[in-house]
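Asker: Here it is: the structure, laid out below.
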Amino acid sequence: MNKPNFLFLFFVFSLFESISYKGFSQESVDSLRYYHNVVMKPNNSKDLNSAFLFFDRKINEQLLVGDTIGAVQNLRRVAIGQFELGFLYESEYSAVRALKMLEEQKDNPVITEAKSGIFNHLGIVYRHLKLYEKALSYYESALELANDSSDSIPALNNISYLHLDQENYSLAFEISTAILEKCLMSSDSLGIARALDNLGYVQSKLNMSEALDNMQKAMNIRLEANDLSGLYSSNRHLSNYFSSRDNQQKAIEHAEEAYDLAKQLNSASYLENALSLLLDLSNDSKVIAYRKLSDSISSAKQIQENKYAVIKYNVEKERQKTQMAKLQNEREKRYKIIFLSAFLLALGSAVFIVYLKNQQRKTELVKTAQRTEARISKRVHDDLANDVSGVMTFVENKLITSTSVKDKILNFLNDIYLKARDISMANIAVDVTDFPRTLKNLIAQYHPKGVDVITSPYSNINWDATPEHKKIQLYKCLQELLVNSKKYSKATTISIAFKGKKGKKEIVYSDNGIGFKVDDIVLGGLKHVETRMKEIDGNFSFESNEGKGFKASLIF
């Protein structure tokens with residue numbers, strides 16, 4: 001079906017324009033339009049970086065003067081641009097931030113329209129992350145805010161795409177038919193063409209005779225209107241249609257036409273999809289093998305981590321450079337003061353050397369412990385877990401005994417295997433080369449189903465200035481808190497805030513789970529967290545009570 005585009009959201013933006021541009025100079029208005037176009041169709045990473053920096057600054061300025069609607073509009077621009085460039089998790093964060101701003105506003109038609117657009121956007125993001133249930137929930141929320149039949153069409157289209165992704169063709173057919181009926185009641189010829197094309201594509205999956213006729217009708221309407229984006233979608237669908245019916249010549253003709261249209265549109269995502277379509281039609285065995293491998297790798301990466309594009313905006317790095325420059329100036333001032341007194345310099349040097357030696361000794365002890373943990377983890381995985389797995393195979397296939405006894409033995413061995421695996425995972429070596437990404441993967445790994453996890457920007461803390469052994473200990477501490485929450489808390493919302501302060505940094509973890517009375521439990525894993533924080537000269541504190549959730553602070 002059609003690639004979910006965001007053109008309908010731009011019509012929503014027009015409702016904001018009169019509000020957002022009031023009070024801005026013509027130069028400011030021109031800059032907004034210019035950088036909006038840069039985000040949607042970037043030519044190079046430098047321009048893209050400048051655009052995101054511009055919007056970040058503009059959003060902060062708007063919030064300072066109380067222009068929440070203008071800030072929301074620009075956050076939505078940023079979220080759409082991030083999505084188009086493949087920054088799915090960054091796009092999610094921007095959209096959620098905009099949604100929270102709107103929740104503080106009184107409802108009116110503009111606010112309702114904006115909420116509906118953001119719900120749709122989040123649904124599209126989660127669809128691409130293959131979180132289908134979550135995507136459907138947001139689409140339905142958008143649908144609830146629709147004022148009339150025409151307002152409901154974008155959300156219904158997206159729900160139809162979702163069912164198509166999951167091969168629920170009957171449901172997709174019902175929705176696509178309903179969309180066409182709604183469009184036929186209007187004079188929107190391009191909307192009718194889109195509905196016909198989508199319906200025809202769904203019908204082709206159900207081997208319905210009307211499929212080709214509907215797709216060709218849509219193409220004719222689009223040809224008359226010179227709708228290049230629509231013609232691209234028509235040719236892509238027709239190429240898939242003929243390919244599935246072994247008409248290779250027709251399939252290639254439409255694929256090449258889609259590629260030519262993508263070049264005219266100058267759309268990176270359209271070009272990528274068109275080239276991918278041409279590769280799918282290749283009979284070269286090496287190309288087929290490459291496609292299978294590429295799809296497998298892409299799918300795994302999409303589930304496990306945030307997929308970053310080559311051109312990644314650098315707002316937080318720019319901030320870090322500014323902070324580093326300030327720190328450098330402060331150091332130079334301190335050096336001038338030190339040089340005024342030889343006595344203070346000597347005394348300070350002596351104290352510093354003693355302190356450094358102690359820190360080096362403590363650091364080496366922590367690193368030794370971490371190496372030991374990693375070694376034990378490998379032995380547990382390679383020896384114990386694999387041996388247990390071997391015994392399970394023997395019991396299942398070779399052991400002659402009653403089924404009930406065999407099942408009990410297998411269940412017991414499986415419990416041992418899972419515990420060994422958990423021990424191995426808890427002590428596995430930590431990759432600190434890109435620590436923010438490592439933290440994102442950790443949180444995704446232990447993200448319980450049905451639980452909302454909210455984080456502040458990881459870059460609030462300057463991880464480049466944090467020693468490697470401290471990063472590993474902080475990772476283990478956060479892992480322990482996430483495991484405890486997953487096992488015991490029954491929370492529906494988890495919040496993780498990263499705070500950078502002068503000298504001290506803090507990670508604040510909280511959830512809205514069932515909580516506990518501190519005096520009534522054995523602290524267990526929390527004791528491990530306290531020990532790890534002491535090893536890096538940090539502090540660990542927590543508070544909880546029955547029915548009032550749990551909150552912990554890691555200061556280092």
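Asker: Does any residue of segment 465-480 turn out to be at positive phi and part of a loop (DSSP other than H, G, I, E, B)?
Answerer: No, segment 465-480 has no match at all.
Asker: Follow-up. Can you find a residue that is closer than 29 Å to residue 70 by Cβ, in a loop (DSSP other than H, G, I, E, B) and more than 24 Å from the chain's Cα centre (by Cα) anywhere in segment 110-127? Full working, then the answer.
Answerer: First pass over segment 110-127, keeping only residues closer than 29 Å to residue 70 by Cβ: 110-127.
In the following step, the residues that additionally are in a loop (DSSP other than H, G, I, E, B) were identified as none.
No, that holds for no residue.
Asker: So which residues in segment 145-166 are modelled with pLDDT under 90 and not in a helix (DSSP H, G or I)?
Answerer: Selection gives 145, 146, 147, 148.
Asker: Moving on to the next point. Please work out which one of (1) modelled with pLDDT under 85; (2) over 30 Å from the mean Cα position of the chain (by Cα); (3) open to solvent by 90 Å² or more (accessible area, probe 1.4 Å) is the condition residue 524 fails and give its number.
Answerer: The failed condition is (3).
Asker: Under the condition of being among the hydrophobic types (A, V, I, L, M, F, W, C) and crowded, with 22+ Cβ neighbours inside 10 Å, which residue from segment 126-152 is farthest from residue 453 (Cα to Cα)? If you could, list the steps in order and put the result at the bottom.
Answerer: Just the residues of segment 126-152 that are among the hydrophobic types (A, V, I, L, M, F, W, C), to begin with: 129, 131, 135-136, 142-143, 145-146.
From what's left, crowded, with 22+ Cβ neighbours inside 10 Å: 135, 142.
Values: 135: 16, 142: 21 Å.
The extreme case among them is 142.
Asker: Right, here's the next one. Can you pull out the residues in segment 250-267 that are surrounded by fewer than 17 Cβ atoms within 10 Å (Cβ to Cβ) and in contact (Cβ under 8 Å) with a residue 60 or more places away in the chain?
Answerer: 266
Asker: Looking at residue 142 and the list (1) part of a helix (DSSP H, G or I); (2) within 24 Å of residue 495 (Cα to Cα), which single condition is not satisfied?
Answerer: Unmet for residue 142, out of (1) part of a helix (DSSP H, G or I); (2) within 24 Å of residue 495 (Cα to Cα): (2).
Asker: Give the residue, chosen from 34, 93, that is touching a strand residue (DSSP E or B) at 6+ places or on another chain (Cβ under 9 Å) and either at pLDDT 80 or above or of a type in the set (D, E, K, R) (or both). Please lay out each step first, then the result.
Answerer: On the way: 34 fails: touching a strand residue (DSSP E or B) at 6+ places or on another chain (Cβ under 9 Å).
Within the list 34, 93, the selection yields 93.
Asker: Working only within segment 57-114, note down all residues that are closer than 24 Å to residue 437 by Cβ, open to solvent by 20 Å² or more (accessible area, probe 1.4 Å) and among the hydroxyl-bearing types (Ser, Thr, Tyr).
Answerer: Correct list: 89, 93.
Asker: Oh, and also: Condition first: within 25 Å of residue 131 (Cα to Cα), open to solvent by less than 40 Å² (accessible area, probe 1.4 Å) and touching a residue at least 24 places away in the same chain (Cβ under 8 Å). Now tell me which residues in segment 157-189 satisfy that.
Answerer: If the condition is that a residue be within 25 Å of residue 131 (Cα to Cα), open to solvent by less than 40 Å² (accessible area, probe 1.4 Å) and touching a residue at least 24 places away in the same chain (Cβ under 8 Å), then 157, 158, 160, 161, 162, 164, 172, 176, 179 are the ones that fit.
Asker: Would you check if there is a residue in segment 16-24 being open to solvent by less than 10 Å² (accessible area, probe 1.4 Å), in a helix (DSSP H, G or I) and either at pLDDT 80 or above or small (Gly, Ala, Ser) (or both)? Working first, answer last.
Answerer: From segment 16-24, those open to solvent by less than 10 Å² (accessible area, probe 1.4 Å) are 16, 20; that's our starting set.
Retained after the next criterion (residues that are in a helix (DSSP H, G or I)): 16, 20.
Okay, now just the ones that are also either at pLDDT 80 or above or small (Gly, Ala, Ser) (or both), so 20.
Within segment 16-24, one or more residues are open to solvent by less than 10 Å² (accessible area, probe 1.4 Å), in a helix (DSSP H, G or I) and either at pLDDT 80 or above or small (Gly, Ala, Ser) (or both).
Asker: Restrict the check to segment 511-519 and report whether at least one residue is among the aromatic types (Phe, Trp, Tyr) and closer than 15 Å to residue 553 by Cβ. Talk me through it step by step, then tell me what you get.
Answerer: In the first step, residues of segment 511-519 are kept if they are among the aromatic types (Phe, Trp, Tyr); the result is 516.
Keeping just the survivors that are closer than 15 Å to residue 553 by Cβ gives none.
No: zero hits.
Asker: Which condition number does residue 531 fail, the rest of (1) touching a Cys at 6+ places or on another chain (Cβ under 7 Å); (2) free of Cβ contacts under 8 Å to residues at least 12 places away in the same chain being met?
Answerer: Here residue 531 meets the rest and fails (1).
Asker: Report, by residue number, each residue of segment 206-233 that is of a type in the set (D, E, K, R) and open to solvent by 50 Å² or more (accessible area, probe 1.4 Å). Spell out how you get there, then give the answer.
Answerer: Initial filter on segment 206-233 (of a type in the set (D, E, K, R)): 210, 213, 217, 222, 224, 227.
The answer is 210, 213, 217, 224.
Asker: Taking interchain pairs and intrachain pairs at least six residues apart, which have beta carbon atoms under 7 angstrom, with the first residue in segment 47-71 and farther than 23 Å from residue 106 by Cβ and touching a residue at least 40 places away in the same chain (Cβ under 8 Å) and the second crowded, with 20+ Cβ neighbours inside 10 Å and aromatic (Phe, Trp, Tyr)?
Answerer: Cβ pairs passing all conditions: 48/313; 49/313; 51/35; 52/313.
The values are calculated or read from the model by the stated rules, or taken from the named source; none is laboratory data. Model, not experiment: these values are computed from the prediction. Quick reminder, even Gly has a Cβ in these numbers, built from the backbone with ideal geometry, and neighbours come from all protein chains shown. Calculation scope for accessible area: heavy atoms of the full protein, side chains included, ligands and nucleic acids excluded. Shrake-Rupley method; radii C 1.70, N 1.55, O 1.52, S 1.80 Å.
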